[in-house]
Amino acid sequence: MCGVAGIVSTSPPDPQQVRAMCRLITHRGPDGEGYHSDANAALGMRRLAIIDVVGGDQPVYNEDRTVAAVFNGEIYNFVELREQLVARGHRFATDGDTEVLVHLYEEHGEDLVTHLRGMFAFAIWDMARRRLLLARDRVGKKPLYYRQSGTSLAFASELKALMADAGVSREVDPVALHHYLTYQYVPAPWSIYRGVSKLPPGHLLVWQDGEVSVRRYWKLDFTPRPVGSEREAAERARELLLDATRVRMVSERPLGAFLSGGIDSSAVVAAMARLSDRPVKTFCIGFDDQRFDEREYAATVARRYGTDHHEFVVAGASALEVLPTVTRHFDEPFADSSAIPSFFVAELSRQHVTVVLNGDGGDESFGGYRRYAYMNRVGRRQAPPRLQGLLNRVGSALAESGTAPRLRRVGRGLQLLGERPQHRYASLMSYFTNESKDALYTKAMHEQLAHVDSYDLIGEVFDTSRSDEDVNRLMDVDVNTYLPGDLLVKVDITTMAHSLEARSPFLDHHLMEWAAGLPGRWKVDGQVTKALLKKAMAPWLPSELITRPKAGFGVPLADWLRCELRPLAFDLLTDHTARSRGLFRPEVVRGLLQDHDEGRDRSTRLWSLLQFELWHRTCGETSCDTATAAPEPAAQGHCG
């Protein structure tokens, strides 16, 4: 596990610039560094040593040193690949997983990625052909940013490393901001800055003599496939999870697991316990607010499997203190509030282990979100065209008014009936709807974004999915949007901030490809979500955990914004600096703050605006160095 950076150019790049880039991502690799430099390329890396701790330094080279590679991630099938390559005459200088990349490249060129099982972002430099290959893993566990400037291209694991160049423009991309406000994250291929892109998951980039091409090499296929009985499928699910967990437990450093009390992380811990000859170390975050606290369920699983269990309770004051640090690590606006407990559980875990397994991906493969059941019930029913606008307006008014949750749900339902089917899920997933963004934006922002519809990002995936069932289409959407744009970014950034490696058995592509072909009714059965996985886990987990309603990894955000975080929100969102940006109408922002104070929940929208403003002051105008001082949190508000 590492952080990587580099520059390729038709003229000699500056190797000192690459060293400066790597210094900014030392937290991703505190155990060492390595560099390569020649007439057209400068490559660098920071290493977190997990496999071949003694001998696994990078860059790695082929036998005649004409191909070099730097790598971030883990290749879980590297032993088998190594044996195949040795049989074909390749000679290895290390015992780690990185070196298989250069020899696979010699054998297969760009197609080497199809042979890899793991999480990765890597760069391979072919000196003889003056050719750079960048690749990102299938689902997007490991990040990779790049910036093209003339005939040069720079890349890095984190945005802050690219922005270390003082000559790079820090102009905010209004389209990226537009999408961020809808979804709480900046989706690939955008970054928050104009001119800087994310390489999307499952994609390759080739730079050669100043020319760049990007292509997709993998997409999860939800085409229905023949299946046996549900009993056989449940057995197969356990087998695949055990195998995916087994390969992810290979480590020369201490290893543990996140345990939230949900079925996914609990299933991973159960699999680890079956594969380990010693107690699994488990880590859980809780809250004083019982609505968000799952420690009781995590402790039940910990007792069942005799784990070495550790807990930490997050308070609003703790969130306030850590907020500037979290913002700096994300490099661009990110408004999933569960990043706060994720940051704390990573900090807790790193005190004991270097590697953790988690339950990410279980919902997207087995139908775990309640919104799948809701959308399945609504189906593609649509109001007559003449009523759609009315339903949308009335629904929006109801959803925005009052404090009654039932009234808001009725309003949201009317809004959805007023949407086109392909945009309905996007509307459900949005935090700022199209209508609320229209109200928020200044005239100048309106003019720039008049022809951009964030709902199209989800609508396009829904329309082009190969599934003939809407439940599987929704999972297809999430695998291509929410999972890599939100969940995986959150886990990568919060764990690597603490030099902690996170591995996700449910994101094994063998398991995902098998699950994608299962019938949607086995995943969402009426109002029962994750139906097949619950059957599969019945022999492994306590019945009360399997039957309990799903609880997301949420935080008491609405309360925090009326209490500990209230002064910070008011100060940052209403002062001259915020108003002077000319992006949002000040009276609308102040109205959101006032509504929230009066009991109408505006917490997710306020959090999105607050995260953007915090980012702008911490990173947007200067280099987002995690060692740089951030604005001091405002004094706590009165809570009573």
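Key figures
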| read-out | value |
| --- | --- |
| Inter-label distance for residue 315 and residue 219, nm, one decimal - labels placed 7 Å from Cα along Cα-to-Cβ | 5.1 |
| Cross-link reach list, aspartates and glutamates versus residue 437, counting only Cα pairs under 15 Å and skipping chain neighbours closer than eight places | 400, 447, 453, 587 |
| Rounded to the nearest 20 debye, dipole of segment 2-216 from Cβ charges on Lys, Arg, Asp, Glu | 680 |
| Residues residue 547 and residue 443, FRET efficiency given R0 of 60 Å [Cβ-Cβ distance, rounded to 0.05] | 0.70 |
| Segment 41-89 versus segment 184-260: alpha-carbon centroid distance in Å | 20 |
| Estimated inter-spin distance, residue 588 and residue 54, nm [label 7 Å along Cα→Cβ] | 6.2 |
| Per-selection metrics, segment 2-216 (Cα): Rg and Dmax in Å | 16.6, 53 |
| For segment 371-477, size of Cβ-based charge dipole, Lys and Arg +1, Asp and Glu -1, in debye | 580 |
| Efficiency of FRET from Cβ geometry, residue 521 and residue 253, R₀ 60 Å, rounded to 0.05 | 0.90 |
| Amide H contacts under 5 Å for residue 62, placed H, 5+ residues apart | 67 |
| Rg/Rg_ref, segment 557-620, where Rg_ref = 2.2 N^0.38 Å and atoms are Cα | 1.03 |
| Extension gain, residue 600 back to residue 352 (0.36 nm per residue minus Cα-Cα distance, nm) | 85.1 nm |
| Reachable lysines, given that their alpha-carbon falls under 24 Å from the alpha-carbon of residue 535 and they are not under 8 places away in the same chain | 523, 550 |
| Convex hull volume per residue for segment 298-386, taking Cα atoms only, in Å³ | 208 |
| Expected 222 nm ellipticity per residue - DSSP helices of 4 or more, -39500 (n - 2.57), all of the chain, to 500 | -12000 deg cm²/dmol |
| Sequence-separation-based contact order of the chain, relative, with Cα cut under 8 Å and 6+ spacing, percent | 16 |
| Ordering of 216-229, 425-438 by packing [mean C-beta count within 10 Å, highest first] | 425-438, 216-229 |
| Diffusion coefficient, µm² s⁻¹, Stokes-Einstein with Kirkwood Rh over alpha-carbon pairs of segment 1-66 at 10 °C and 1.306 mPa s | 130 |
| Orientation-averaged projected area, Cα convex hull of segment 371-477 (nm²) | 7.4 |
| Stokes-Einstein D for segment 37-130, Kirkwood Rh over Cα pairs, 25 °C, 0.890 mPa s (µm²/s) | 183 |
| Lys/Arg +1, Asp/Glu -1 at C-beta; segment 371-477 dipole; positive extreme among 405, 379, 452 | 405 |
| Centre separation in Å (Cα based) which lies between segment 287-306 and segment 535-597 | 22 |
| Net charge dipole size for the chain [Lys, Arg +1 and Asp, Glu -1 on Cβ; Debye, nearest 20] | 1600 |
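Each reported figure results from applying straightforward, stated rules to the coordinates on display, with no laboratory input. None of these values were measured; they are calculated from a predicted model. As a convention, Cβ positions derive from the backbone with ideal geometry for all residues, glycine included, and neighbour counts pool all protein chains shown.
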